[in-house]
Structure formats: C-alpha cells, structure tokens
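J.: Please read through the structure below; I'll follow up with questions.
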Amino acid sequence: MATETLELEGQQPAAAAPLQDDPELLMRRYKETGDLELRNRLVMHYSYIAKSVAVKMSSTFHKYATVEEMVNHGAIALIDSLERFDPDQGVKFSTYAFTKVRGAIIDYVRKQDWLPRRVRQTDIMINKAEEQLMSELGRPPTREEMANRLGMTLAKYDKCIFEMSGESMYSFEALLAAPVQMNHVRFQEDSPGPEEQIDEQELRRELAQAIDALSEQERTVLSLYYHEELTMKEIGQVIGVSEQRIGQINRKLIKKLRARMMGYMKG
C-alpha cells in the first residue's frame, strides 16, 4: 500500500512553535482571512488528533495499514475539517475533528480490500448456515451444531471465525463512525448543532445499555480488547481459552451490539 506524503503549503519540515494565541481565536481569524499560515499553525496544533486516533486504531487495523498511512490520511481529514468547520455552531473543533479523522481512517482501511476472497466466501457460508439452524432450532446454534452443519471440525470452525473477526470489528467501528440517524432524519456532519449533540448522547446511552446486556464473558473480552487494547492471544491467556475462541466471542458480541445499534439508528 502506497503511503501518501502530506506537505503543508508554506510549512517547513521543522516543528512549529507552540501556539501563543487561543486556538479558538486563531480559528476565527483563519475563517475570516483564509490565511494559509494560520491554517498551518492550526494543523500543527491539532496534529495530535490524527496521531492519537491512528495509534489507537492501529491495534485493530495494524494488519491492513501502517500507523504512518493512517496518520497521513487522518491529517488530510484534519485539513478538510478546518475548511468545513463552522465555529458558530457551538461545537469544539477537537470534537468535530476526532469524528472526521476517525471516519476517514476507517474509510481508507475499507478501500484496501483487506479480507481475502476466501474469507469473505466463508463468512457468507457461515452466516447462511447460522440463519438456517436458528430457523430450524428456534435458538442460536452451538459451536458443535455449526461445525456439524458445515462439515468442519471444531478446530477448523474456530479458525474460520477467528479469520472473520476482523470484518466484524471493522463493521462495528464503521457503524459508530457513521452520522447519527434518528427517526429517519440524517444530520449533516458538516453542520453539527445542539440537536446532533443530544442524539449522540442518546446513541451512547443506547450503546451502554447494549453492552450491559452482554454476558459477563463478552463484556470482559470487549473491555480487554477495546479499552485495555490487549491482543486476542493475550485475552485468551487471561481468560484461559484459545486465541481462536476469543475471536469467536468477539465476533458474537459485536454481532449483538451491531444488531441492536442498527435497530436503534433505523428508529
């Protein structure tokens, strides 16, 4: 994957001096004048956003994009955020930019076609078998029942689930990065206002309730993976199960969360 190099107009490679002005005042001056030097100073000041988002997301997407690639795409999104941001909307720029940068990095990863065709085909096959068994049994099928239906050993089934867990993580990350939709009304990313802030708070409350509804084991995996940023192998050592089993638990809990959040966002 090619790495894009970001060059700011009029900006030298040496580190810029810390901002002497209030960044909010500097933002207003930039919006009034369009001065590239002011823009570059703002980019340097807020560059930590692209770096911090990229570093955190690298724990999930490190197999598909380097931190440098994610930082570069995040920096491009940061500049775009500066151009589109309206300081009169009552939202802090850092809050607005975090959402835009995170969404840009997820979009970049999505375009890499990072799951092999074989894994995608297996995903379709397993989902179809799971739907059939749920219809026949009237309940979620067990691992053994799924493996038998697919003609696989448990070890082979767990390996397939582990390979597919990356797609589940991406889908959930992408869902949370999407603009909030309430009652079929989509709020524009480029003009955040008080209503959107309220909807975001409601979305977070709904997510918290969905997490509370998970099993204790699922909540543990969620916490260790997404908050403590342990690898699946490390989580398996903590819980006392295989890395492949953690991948299966992770995929299952994300499917639960994603189903509930999609239902909520569709109203």
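J.: In region 224-240, which residue that is open to solvent by 50 Å² or more (accessible area, probe 1.4 Å) and modelled with pLDDT of 85 or more is nearest to the chain's Cα centre (by Cα)?
T.: GLU234
J.: Kindly list, by first and then second residue, each pair from a residue in region 84-96 that is more than 15 Å from TYR30 (Cβ to Cβ) to a residue that is acidic (Asp, Glu) and surrounded by fewer than 14 Cβ atoms within 10 Å (Cβ to Cβ), limited to pairs with Cβ atoms under 9 Å and residues at least 6 apart or on different chains.
T.: Cβ pairs passing all conditions: LYS92/GLU24.
J.: For region 199-258, which positions are outside any helix (DSSP H, G or I) and closer than 23 Å to ALA54 by Cβ?
T.: Hits for region 199-258 are GLU228, GLU229, LEU230, THR231.
J.: I would also like to ask the following. So, TYR96, is that one assigned to a helix (DSSP H, G or I), hydroxyl-bearing (Ser, Thr, Tyr), in contact with an Asp or Glu (Cβ under 9 Å, 6 or more places away or on another chain) and modelled with pLDDT of 85 or more or not?
T.: Considered against the rule, which asks whether it is assigned to a helix (DSSP H, G or I), hydroxyl-bearing (Ser, Thr, Tyr), in contact with an Asp or Glu (Cβ under 9 Å, 6 or more places away or on another chain) and modelled with pLDDT of 85 or more, TYR96 comes out as yes.
J.: Return the pairs, sorted by first residue and then second, in which the second residue is surrounded by fewer than 23 Cβ atoms within 10 Å (Cβ to Cβ) and of a type in the set (Asp, Glu), the first residue lies in region 68-81 and is more than 19 Å from LEU36 (Cβ to Cβ), the beta carbons are less than 6 Å apart, and the residues are 6+ apart or on different chains.
T.: From region 68-81, the pairs are ASN72/GLU4.
J.: Additional query: Would you please name the residue that is least open to solvent (accessible area, probe 1.4 Å), looking only at residues in region 31-86 that are outside any helix (DSSP H, G or I) and of a type outside the set (Phe, Trp, Tyr)?
T.: Filtering region 31-86 for residues that are outside any helix (DSSP H, G or I) and of a type outside the set (Phe, Trp, Tyr), the one least open to solvent (accessible area, probe 1.4 Å) comes out as ALA65.
J.: Also: May I ask you to list the residues in region 100-146 that are at pLDDT below 80, under 17 Å from LYS156 (Cα atoms) and crowded, with 16+ Cβ neighbours inside 10 Å?
T.: Listed by number, the list holds a single entry, ASP123.
J.: Could I ask something else about it? Conditions first: (1) farther than 27 Å from LEU222 by Cα; (2) open to solvent by less than 20 Å² (accessible area, probe 1.4 Å). LEU150 passes all but one, so which condition is the exception?
T.: For LEU150, the failing item is (2).
J.: Quick test for you: out of GLU218, GLU200, GLU167, GLU173, pick the one residue that is out of contact with any His (no Cβ under 6 Å at 6 or more places or on another chain), at pLDDT 75 or above and open to solvent by less than 80 Å² (accessible area, probe 1.4 Å).
T.: Of the residues listed, the single one that is out of contact with any His (no Cβ under 6 Å at 6 or more places or on another chain), at pLDDT 75 or above and open to solvent by less than 80 Å² (accessible area, probe 1.4 Å) is GLU218.
The values are calculated or read from the model by the stated rules, or taken from the named source; none is laboratory data. What you see is a predicted model, and the numbers here were worked out from it, not measured in a lab. So basically every Cβ, Gly included, is an ideal-geometry build from the backbone, and we count neighbours across all protein chains shown. These accessible areas exclude ligands, DNA and RNA; they are computed on the full protein's heavy atoms, side chains included. Shrake-Rupley method; radii C 1.70, N 1.55, O 1.52, S 1.80 Å.
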